Amino acid sequence: MDKYVIKGGNPLVGEVEIGGAKNAALAILTAAIMTDETVLVENIPDVSDINVMLEAISVIGATVERVDRHSVRINGSTIGSVSVDYEFIKKIRASYYLLGALLGKYKRAEVPLPGGCNIGSRPIDQHLKGFRALGANVTIRHGVIYASAEDLHGAHIFLDMVSVGATINIMMAAAMARGNTIIENAAREPHVVDAANFLNSMGANIKGAGTDVIRIRGVERLHKTSYTIVPDMIEAGTYMFAAAATRGDVLIKNVIPKHLDSMTAKLEEIGCEVEEFDDAVRICAKKRLGKTHVKTLPYPGFPTDMQPQISVALCLANGTSIVTESIFENRFKYADELTRMGANIKVEGNTAIIDGCELLTGARVSAPDLRAGAALVIAGLAAEGVTVVDDIIYILRGYEDFDLKLRGLGAEMERVSDEREIQKFRLRVG
Ligand code: UD1
């Protein structure tokens, strides 16, 4: 399995371009099958989760034509099956979007229960509650979710907790249901807004996305569109904290600065300079970082998908920081790996207590999931000596050209596949 080998210690300096949002693209590419006309989606990231999703919709019969690395044309008129029996799809969390899209369009869907990163128990009861409220009969048998309805009708749905996936999934099904739907306690993440904008560009009638009450007036059919995915706030945030942890100076281009506010605020608190432009942010860390406390929350709070990356920066800060994870219960699995690099990080329940140290030292570590994997790369970039990050398959799910982009900022790192190549790298960097 491929690994990243990193010689740390260089501040990251330069410019980096952010791609389209993976989590928005996963929802939008699935929603694209809801019309029988051709849809063009641009600015999709070239990462494995997206490629698996495209393969899954093509396996059920949709026509998927890759225009170039970041654009795809999709036509859902050729779909021959509402049964998604595809081994790999279980591995991506967002496979649940196939339920909302197929149920909305065909009033029937059969989708394996999703997997995804192992960051804690990830029930989808709120999605199913929403589908049932819209009139669907939903059962789970042998690991597969079966949903069907004679007729989907509008409903008033109050989500028990703020869920990105449930909000988007219910929005998709309700877009083609008869009558009006109201989703209360809806998620407000930028990808919810992007998915709603995309559906509206296909003729749906969705209002209020970005607030906690979304109103949907169902329409009979959706039509063709061309759409560009929003920039990925988590990819951007990852480079922001990589700049901070390495005491670098990085201009992060093609972002929506507003989406990054919670991260910008924390970077300023720990002593970084953050300059905002129309579609870029510059992070400059001139001195040793300071401590802070952070709690993950639904948007616009600090994202759970940035928790490992800020924790790495805080491992190098002056003082004691407390990081509280309030979304997923098993999201500190990288802490033991960081300890092997010299970090003082102690996890108690959903809280990590981090005593900042002056220096991390390179070690062999293993990526436990997507964002934690990225965080270990940041740790490697900041550490003295050589770090090997194993199991980068997780990182490739969500970061396009991670090594290439980091090398563009001066990182000494390579993607390698065996021990010999690691040895060669060690000899080369001395
Ligand atoms: C999405 C993102 C993921 C991000 C997360 C929170 C995708 C593909 N993934 O995941 O990267 O970390 O949002 O921002 O977009 N919950 C339930 N029942 C449900 C649904 C959720 O109990 O039916 C709970 C979850 O266990 C979790 C919380 O609600 O504690 C939030 O989960 P949710 O927002 O749904 O996350 P995902 O959509 O799975």
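Send over the Kirkwood Rh of segment 22-228, from the inverse of the averaged 1/r over different Cα pairs, rounded to one decimal Å. Working shown, then result.
Working: mean 1/r = 0.0610 Å⁻¹.
Kirkwood radius, segment 22-228: 16.4 Å.
Restricting things to alpha carbons, tell me how big segment 1-100 is in terms of Rg and Dmax, in Å.
When restricted to the Cα atoms of segment 1-100, Rg and Dmax are 16.3, 54 Å.
Near A374, within a Cβ-to-Cβ distance under 10 Å, what is the net charge of the other residues, with Lys and Arg +1 and Asp and Glu -1?
-2
Below 8 Å between Cα atoms, with a sequence gap of 6+, how large is the relative contact order for segment 22-228 in percent?
Details: 483 pairs, mean separation 42.4, N = 207.
This gives 20 percent for segment 22-228.
Are there trypsin sites (Lys or Arg not before Pro) in segment 116-179 that DSSP puts in a loop and that have at most 13 other Cβ atoms within 10 Å, and which ones? If you can, show how the numbers build up before the last one.
On the way: sites: K129, R132, R141, R178; in loops: none.
Of the trypsin sites (Lys or Arg not before Pro), not one in the loops of segment 116-179 has a Cβ with at most 13 other Cβ atoms within 10 Å.
Per DSSP helix of 4 or more residues, -39500 (n - 2.57); summed, then divided by the residues of the chain. What does that give at 222 nm, rounded to the nearest 500?
Working: 14 runs with 137 residues, N = 430.
Helices in the chain give a 222 nm mean residue ellipticity of -9500 deg cm²/dmol.
For the residue pair D212 and I393, what label-to-label distance in nm results when each label sits 7 Å from Cα along the Cα-to-beta-carbon direction?
4.0
In straight Cα distance, which aspartates and glutamates are under 18 Å from K291, not counting same-chain residues fewer than 8 positions off?
Once the sequence-local aspartates and glutamates are set aside, what remains near K291 is E268, E269, E273, E325, D355, E358.
List the GluC sites (Glu not before Pro) within segment 337-386 that DSSP assigns to loop and that have no more than 11 neighbouring Cβ atoms inside 10 Å. Don't jump to the answer; show the numbers that get you there.
Working: sites: E337, E348, E358, E384; in loops: E358.
The qualifying sites are E358.
Which residue fluctuates most in the GNM of the chain (Cα springs below 10 Å): K287, K253, K405?
Result: K287 has the largest fluctuation of those listed.
Computed FRET efficiency, Cβ-Cβ of F158 and L404, R0 45 Å: what is it to the nearest 0.05?
Details: r = 45 Å, r/R0 = 1.00.
After rounding to 0.05, the efficiency reads 0.50.
Express in nm, to one decimal, how much length is gained between L427 and D68 on full extension, taking 0.36 nm for each residue of separation and deducting their alpha carbon distance.
Numbers: separation 359, 0.36 × 359 = 129.24 nm, distance 3.80 nm.
Result for the pair: 125.4 nm of gain on full extension.
DSSP loop (so not H, G, I, E, B), at most 15 other Cβ within 10 Å: list which GluC sites (Glu not before Pro) in segment 222-329 pass both filters. Spell out each step's value before the answer.
Details: sites: E235, E268, E269, E273, E275, E276, E325, E329; in loops: E325, E329.
Within segment 222-329, the qualifying GluC sites (Glu not before Pro) (loop, at most 15 other Cβ atoms within 10 Å) are E329.
Have a look at A265, A343, A25 and tell me which one the Gaussian network model of the chain (Cα, springs below 10 Å) gives the largest fluctuation.
Checking each option, the largest mean-square fluctuation is seen for A265.
Sort I92, I6 so that the residue with the fewest other Cβ atoms within 10 Å of its own Cβ comes first and the one with the most comes last. Display every interim value, and only then the final one.
Details: I92 22, I6 29.
With the sparsest Cβ surroundings first, the list reads I92, I6.
In vacuo Debye scattering of segment 261-327, one point per C-alpha: log10 I(q)/I(0) at q = 0.15, 0.20, 0.22 Å⁻¹?
Evaluating at q = 0.15, 0.20, 0.22 Å⁻¹ gives log10 I(q)/I(0) of -0.47, -0.81, -0.95.
Assuming a viscosity of 1.306 mPa s and a temperature of 10 °C, what translational diffusion coefficient in µm² per second does Stokes-Einstein assign to the chain, Rh being the Kirkwood radius over Cα pairs? Walk me through the numbers on the way to the answer.
Details: Rh = 22.0 Å.
The estimated diffusion coefficient comes to 72 µm²/s.
Roughly what % antiparallel, to the nearest 5, for the DSSP beta bridges in segment 22-228?
Details: 28 of 38 bridges.
Percentage antiparallel, nearest 5: 75.
Please work out the C-alpha center-to-center distance from segment 368-409 to segment 317-345 and express it in whole Å.
Computed from Cα coordinates, the inter-centre distance equals 17 Å.
Quick one: check the C-alpha center-to-center distance for segment 211-251 versus segment 66-100, whole angstrom.
Comparing the Cα centres of segment 211-251 and segment 66-100, I get a distance of 20 Å.
What list of ³J(HN,Hα) couplings, whole Hz, do you get for segment 98-112 from phi and the Karplus terms 6.51, -1.76, 1.60, once you set θ to phi - 60° and write x for glycine and proline?
These are the phi-based 3J(HN,Hα) values: 5, 5, x, 5, 6, 5, x, 7, 9, 6, 7, 8, 9, 9, x Hz.
Among the DSSP beta bridges whose two residues both lie in the chain, what percent are antiparallel, rounded to the nearest 5?
Working: 57 of 81 bridges.
Looking only at bridges with both residues in the chain, the antiparallel portion is about 70 percent.
Every number here is computed from the coordinates shown, using simple stated rules; none is lab data. Given the structure is predicted, the values throughout are model-derived calculations rather than measurements. When we count neighbours, we look across all protein chains shown, and the Cβ atoms used for this are built from the backbone with ideal geometry, even at glycine.
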